[in-house]
Structures are given as structure tokens and as C-alpha cells.
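Undergrad: What follows is a single structure, and I will ask about it in a moment.
Rule-based calculations on the coordinates, nothing more; no lab input. Bear in mind that the values here come from a model prediction, so they are computed numbers and not experimental data. Note that each Cβ is placed from the backbone with ideal geometry, even for glycine, and that neighbours are counted across all protein chains shown.
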Amino acid sequence: MDSARPAARNCFTGGEAPGKVDHVTEAVAQAPVRRCETMQVHHRLLDTVSGYAEACAAFENTTFHRRAAAREETVRIPVVVHVVWASDEQNINDAQVQSQIDVLNADFRADIADSDRVPEVWRSLVGDARVEFFLATEDPAGEPTNGVIRTNTAMTAFDTDDAVKSAATGGSDPWPADRYLNIWVCQLTGGVVGYAQFPGGPAATDGVVVTYTAFGTTGSAAAPFNGGRTTTHEVGHWLNLRHVWGDDGDGCHGSDFVDDTPNQAGPSRGCPTFPTVSCDNGPDGDMFMNFMDYTDDACMLMFTQGQVERIDAALAGPRASLSNLTVAAP
Ligand SMILES: [Zn+2]
């Protein structure tokens, strides 16, 4: 929610600077804690990539001023999954990959079996993003593919420096980012479960990265991140969604640029009990079951209609090439 909505936006506000201490990781040593590095990567790109800040600000302002009618048709996005592995366990099988695609489709279509666990006060806000995903059936050259690329690497783990996205650095080169959603699955370092690149960044690094123990629902997927929600969260970023607490640490002044998510102090963790109040947002409190919080997979249940509006704007703007694809979907 916006506590203070500026007349014009830049992309330096509302984000944690790189190197900032991750208080969530610091606070809980025992339980696995969700840790997404998308904002740190965002700040690295702001500092290093010419034109990124301007592109980001331009479509943030377009998003803010957008009053077009909501898209009615469903967008179907072809996905290529790059499995970059150093051990047999990391070389996840096709069924595990498909299990992740299935979760994406349920989550982005608001088709979740236990959605009645969304508190009643927020059920009317649940948004169907009308976005579906399928493993690519044609490679960039038009040849048949199953949409899964397997690369044996000498790298035991990858940092968030995007090395996994290039064969020259032990990873796998992306397929054209204007035609495919690229997802890399590998061992990430430092307890990071995933990170994404927001729209407007370099095509050579566009897509999302997810650690192999937090991908899909079978095989190497490990609790509490074995519900496929890490990828849902990261693809949410890829479609320009911010964290619900507004990326200002534990403060109450950050914004996710969405009006129907309550103002919230910091990230949630584990599975909180409703209501959990922060930033004077009672009686209903934090929307900790939102996909863009840090809750455990089993407790993530929804995007809001306001978030869907931002997804719509991304698919009408910087991601338009993917929403206009005419490839045949299976
Ligand atoms: Zn995130």
C-alpha cells in the first residue's frame, strides 16, 4: 500500500540497497528463512546498467497512470527451464520441472484448492492474473524441444552475479527473452532461494533463478519451500511486482505501489496467525498469505487485484512481446 505516493516515480526509492544486512536471516538461525535477492540485483543493475533506471522509471510512471480496461484474454507464456547441475540431486527430473509449471498455472489463475484459507476479509481481493505457462515446444530455431535444457557444470554453487545465465561462466545461455521466460535452476549460495530480474534489464540476464531445493513440489524440493511458491514469487517480480512490505526494512514508509495490499512493516516468515498487526494496519493486519511476502510455501495463497493490475501493465508494456506471442500452445 502507498503511504506516500509521489507524483513521478524513480526506481531508487522503496528498495533496500545492496549490502544491507538481511535482518530476516539474522533473526532466525534455525528455521529455514525465505531469502530473495531480487532487490539487491535491482540495485546492482541501477548502478551498473546504462538506461535501466530510466526505463524502469518510465514504465513505473506508465503503470501508475494506466487506466486502460483490464485485459480479458489469457496470456500463455512459453518457458525454458535451464537445469544447471553439479550433482545428480541437482539434475532434477522432468516430472519435478512439470510440477513447478503446474503450480505457476494454479497460482497465476487463482485456482488453488485451499484458497478458502484466505481470510474472509480479503477473499474479494484475490486476483486471477490470467497468465499461464507451458514448457516451450519449439526452440529459438523452430526445432522441437521439451523446454528443458540440461547443463553439467563445474560450479558447485552460484551467486546472484548472474554467472548461471552464461555458458562462459559455467551456466546456460538464455533463449531470447522477448519470446521465452527463462528459468534457471541451480544451487544458489548463502541460503538464497531465488532472485528475479525486473522488466527493463538486459536481455542477456532476463528471467528468474531458483535454487534446486525450492523448485517444484517433488524430488529435491525440501520443506518449507516445496510448494513451488518460490518460483511464483520470483515470476511475480519478473512481471514487476514488489515485496508487499515495500522493501524498507522494518519501516512503515515503503510501498509496493499497490493499493489493496495493507501497509506492512517487514517481511513475514513461517506461517503467521491471522491477524498479525504492524504499522497500525489493524484490525486485519499484514497480508502474510500474499505470494510477494516471505511466508512458507504452504501459507502463500494469493495475488491481489491490485497486483494483477501491475501484471497487466507489465504485459501491456515491457513484457508486451510475450503477451503478443502467436505460438501454438499445447
Ligand atoms: Zn522477492
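Undergrad: Amide H to amide H, which residues 5 or more places from L135 or on other chains are under 5 Å from it, using H placed in the peptide plane?
TA: Amide H neighbours of L135: V79.
Undergrad: Using amide H atoms built in the peptide plane, which far-off residues or other-chain residues are under 5 Å from F158 H to H?
TA: HN-HN under 5 Å from F158: Q187, L188, T189.
Undergrad: Identify unpaired cysteines across the chain, taking unpaired to mean no other cysteine Cβ lies under 4.7 Å from the residue's Cβ.
TA: C36, C186
Undergrad: What do you get for Rg/Rh over the chain if you use C-alpha atoms and the Kirkwood form of Rh?
TA: On the way: Rg = 18.4 Å, Rh = 19.8 Å.
Ratio value, two decimals: 0.93.
Undergrad: For the stretch 32-323, what relative contact order do you get, as a whole percent, if you take Cα pairs closer than 8 Å and at least 6 residues apart?
TA: On the way: 617 pairs, mean separation 64.6, N = 292.
Once normalised by length, the contact order is 22 percent.
Undergrad: Set the Förster distance to 30 Å, then compute FRET efficiency between D111 and T169 from the Cβ-Cβ distance, nearest 0.05.
TA: Working: r = 38 Å, r/R0 = 1.27.
Computed FRET efficiency for D111 and T169: 0.20.
Undergrad: So how far apart, in nm, are the two label points at A222 and T276 if each is 7 Å from Cα heading toward Cβ?
TA: 2.3
Undergrad: Still on this model: Hey, in the GNM for the chain with a 10 angstrom Cα cutoff, which one of T295, T218, T74 fluctuates hardest?
TA: Highest fluctuation of the listed residues: T74.
Undergrad: Once you place label points 7 Å from the Cα toward the Cβ at D94 and A203, how far apart are they in nm?
TA: Computed distance between label sites D94 and A203 equals 2.9 nm.
Undergrad: Counting Lys +1, Arg +1, Asp -1, Glu -1, what net charge surrounds I311 among other residues with beta carbon under 15 Å of its beta carbon? Intermediate values should be presented prior to the final figure.
TA: Details: positive: R66, R71, R76, R109, R130, R242, R310, R319; negative: E60, E72, E73, D107, D128, E132, E234, D256, D259, D260, E309, D312.
In short, -4.
Undergrad: Moving on. With a sphere of radius 10 Å drawn around the Cβ of V75, what net charge do the other residues whose Cβ falls strictly inside it have (Lys, Arg +1; Asp, Glu -1)? Each step should come with its number before you reach the end.
TA: Working: positive: R71, R76, R130, R319; negative: E73, E132, D312.
Once positives and negatives cancel, what remains is +1.
Undergrad: How charged is the neighbourhood of S321? Take every other residue with its Cβ under 14 Å from the Cβ of S321, and add Lys/Arg as +1 and Asp/Glu as -1. The partial results should precede the final answer.
TA: Values: positive: R76, R179, R319; negative: D178, D206.
My count for the surroundings of S321 gives +1.
Undergrad: For the stretch 253-260, what does the Karplus curve 6.51 cos²θ - 1.76 cosθ + 1.60, with θ = phi - 60°, yield as ³J(HN,Hα) per residue in whole Hz, taken in order and with x for Gly and Pro?
TA: After applying 6.51 cos²θ - 1.76 cosθ + 1.60, I find 10, x, 9, 9, 6, 10, 7, 9 Hz.
Undergrad: Determine, for C271, C299, C279, the number of other Cβ atoms within 10 Å of each Cβ, and report the residues in order from fewest to most. Before the final figure, lay out the partial values.
TA: Working: C271 14, C299 18, C279 21.
Fewest to most other Cβ atoms nearby, the residues stand as C271, C299, C279.
Undergrad: Just to check I understand the Karplus step: with θ = phi - 60° and J = 6.51 cos²θ - 1.76 cosθ + 1.60, what whole-Hz values come out for the stretch 293-301, glycine and proline as x?
TA: Ordered by residue, 3J(HN,Hα) equals 9, 10, 5, 4, 3, 5, 10, 8, 9 Hz.
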